[in-house]
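Structure first, commentary second.
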Amino acid sequence: MKGSCNPLYVINLTVHNSLVLQLTPVVQIKSHPTCPVLVLELSAFRAKWMSELQPSSGGKKSVPKTAELKRRQEIANEEKARELFLKAVEEEQNGAVYEAIKYYKSAMHLVPDIEFKINYSRSPDPDRAGSYLEDNEKDREIDDLLTYFQQQLTLGDGTMKLCEPDTDTTQVHISALPFEVLMYIFRWVVSCDLDLRALEQLSLVCRGFYICARDPEIWRSACLRVWGRNCTKMLPFSSWREMFLERPRVRFDGVYISKTSYIRQGEESLDGFYRAWHQVEYYRYLRFFPDGQVMMLTTPEDPLVTVPRLRSKNSRVDSIMFGHYRLSQDTDNQTKVYVVVSKRKEEKVAEYQRSRFCRRNPAPEAERAFHVGLQLSSGGRQRFNKLVWIHHSCQITYRSTGETVVTAFDVDKMYTPLFFARVKSYTAFSERPL
């Protein structure tokens, strides 16, 4: 073709310890303004190709160079992964979990075990030292979150704005309610069942709700419901909230359960060849209420069946005993719970009406009351979740003669401790405010 370069290739075969194939381009150059560029490109391509095909005599020397390059690459990757990992830690501390996950993934993609190669005690970069110091000083300043939030929400005229809507809305926002109405709503959240757990969860909504949830009057009312006249003074606690959380008490948002199992010998067979053995299992339940009332039930039924029946004090289960309890702290700083329970009187009247048409003489009327002493303790991660038996007796009073008979039971290994189990349905609804 006119004005083009048509290269020709000459194949040279050299046999010397190895077979080398060389393609030598022979370029026929005709007059064209771009031919010098093509000549340079072809010469560079030929030189590179020949260097790849020819056996290298310095192969042993190139190995250390490759290892050195690989080591430098690993160091660079590790340093980059370290920066990404520390950035992810910083984002996680600031609450940006989504951004932190992205940085974590990038760091582990470069170095999978970067988490174990980081020295966390290493000082931060000089450029960012000021920000780290500022963050630490800020953390020291907000040790008391309640005071810090109150200062933030206090306006120039001295009033406090608890909360405000993030976006414009046509509906009335809760921030428009007076403070007294808002506190009344919080008392409904706590309810007469003393669901302080719900109050703590409500305090996580915003700074204003956090301030309302720390209102001392709510916690003082809760302490009075639990200990009555025994908590007129707040000392040695620093606040009513601390007293409610730290002072030993029974819990109301669930039920205390114990399981007893034993093997009982049965009757001998008629031929005397064998004797049966029976494995007996039963449960004891104790449900406490803030007003001083208690329910006690002993039954072989599983907790999945029994626990829902203990939700209300108006339960219709015949075998439930009702009564009252009191807390007592002895000189040895051990908190004890004393319980007195008995059957309801209307059940006894119904039993008499069923048997009054019988000709047999009715059994003498008697009142039975069970006295229980328990020691309150904490076990595991939960507080005040264990009740240990220390006393159990039955007191029978005959109405006709006024005689009272007391029978004390031996508290042995058959009296297993009662452990607390939280039941969400017990505090799901509020009947009355605190």
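Considering the stretch 303-339, the residues that are part of a loop (DSSP other than H, G, I, E, B) and open to solvent by less than 30 Å² (accessible area, probe 1.4 Å) include one that is nearest to LEU286 (Cα to Cα), namely ILE320.
Screening VAL372 on (1) modelled with pLDDT under 80; (2) open to solvent by less than 70 Å² (accessible area, probe 1.4 Å) shows it passes everything except condition (1).
LEU297 meets the conditions (1) open to solvent by less than 30 Å² (accessible area, probe 1.4 Å); (2) touching a residue at least 40 places away in the same chain (Cβ under 8 Å); (3) not hydroxyl-bearing (Ser, Thr, Tyr) in every case but one. The failed one is (2). Residue count for the stretch 380-434 under the criterion of being touching a residue at least 60 places away in the same chain (Cβ under 8 Å), assigned to a strand (DSSP E or B) and among the small types (Gly, Ala, Ser): the result is 1.
Residues in the stretch 184-204 that are without any contact (Cβ under 8 Å) to a residue 40 or more places away in the chain and open to solvent by 20 Å² or more (accessible area, probe 1.4 Å) were compared, and the one that is farthest from GLN293 (Cα to Cα) is LEU204. Residue-level analysis places CYS206 among those that are modelled with pLDDT under 85 and either closer than 26 Å to PHE429 by Cβ or touching a Cys at 6+ places or on another chain (Cβ under 8 Å) (or both).
Taken over the stretch 231-247, residues that are open to solvent by 70 Å² or more (accessible area, probe 1.4 Å) and either basic (Lys, Arg) or touching a strand residue (DSSP E or B) at 6+ places or on another chain (Cβ under 8 Å) (or both) amount to 1.
Would you point out the residue of the stretch 409-434, among those that are hydrophobic (A, V, I, L, M, F, W, C) and open to solvent by 70 Å² or more (accessible area, probe 1.4 Å), that is modelled with the highest pLDDT? Looking at the filtered set, the residue picked out is PHE419. Collect the residues in the stretch 379-402 that are farther than 30 Å from GLU246 by Cα and surrounded by 11 or more Cβ atoms within 10 Å (Cβ to Cβ), keeping them in residue-number order. Across the stretch 379-402, the qualifying residues are SER393, CYS394, GLN395, ILE396, THR397, TYR398.
In the set ARG220, ARG264, only one residue is open to solvent by 70 Å² or more (accessible area, probe 1.4 Å), of a type outside the set (Asp, Glu) and in contact with a helix residue (DSSP H, G or I) (Cβ under 8 Å, 6 or more places away or on another chain); that residue is ARG220.
Checked against (1) within 29 Å of ASN333 (Cβ to Cβ); (2) surrounded by fewer than 18 Cβ atoms within 10 Å (Cβ to Cβ), HIS173 meets all criteria but (1).
Taking the criterion of being modelled with pLDDT of 70 or more, of a type in the set (Asp, Glu) and under 29 Å from PHE429 (Cα atoms), would at least one residue in the stretch 164-178 satisfy it?
Within the stretch 164-178, one or more residues are modelled with pLDDT of 70 or more, of a type in the set (Asp, Glu) and under 29 Å from PHE429 (Cα atoms).
Scan the stretch 267-294 for residues that are open to solvent by 70 Å² or more (accessible area, probe 1.4 Å) and in contact (Cβ under 8 Å) with a residue 60 or more places away in the chain and the total you get is 1.
Scanning the stretch 308-326 for residues that are closer than 26 Å to TRP227 by Cα and in contact (Cβ under 8 Å) with a residue 40 or more places away in the chain turns up LEU310, ARG311, MET321, GLY323, TYR325.
Annotation: TYR120 fulfils all but one of (1) more than 30 Å from LYS80 (Cβ to Cβ); (2) modelled with pLDDT under 75; the unmet one is (1).
The values are calculated or read from the model by the stated rules, or taken from the named source; none is laboratory data. Remember, it's a predicted structure, so these values are computed and weren't measured experimentally. When we count neighbours, we look across all protein chains shown, and the Cβ atoms used for this are built from the backbone with ideal geometry, even at glycine. Remember, those area values only see protein heavy atoms, side chains included, never the ligands or the DNA or RNA. Shrake-Rupley method; radii C 1.70, N 1.55, O 1.52, S 1.80 Å.
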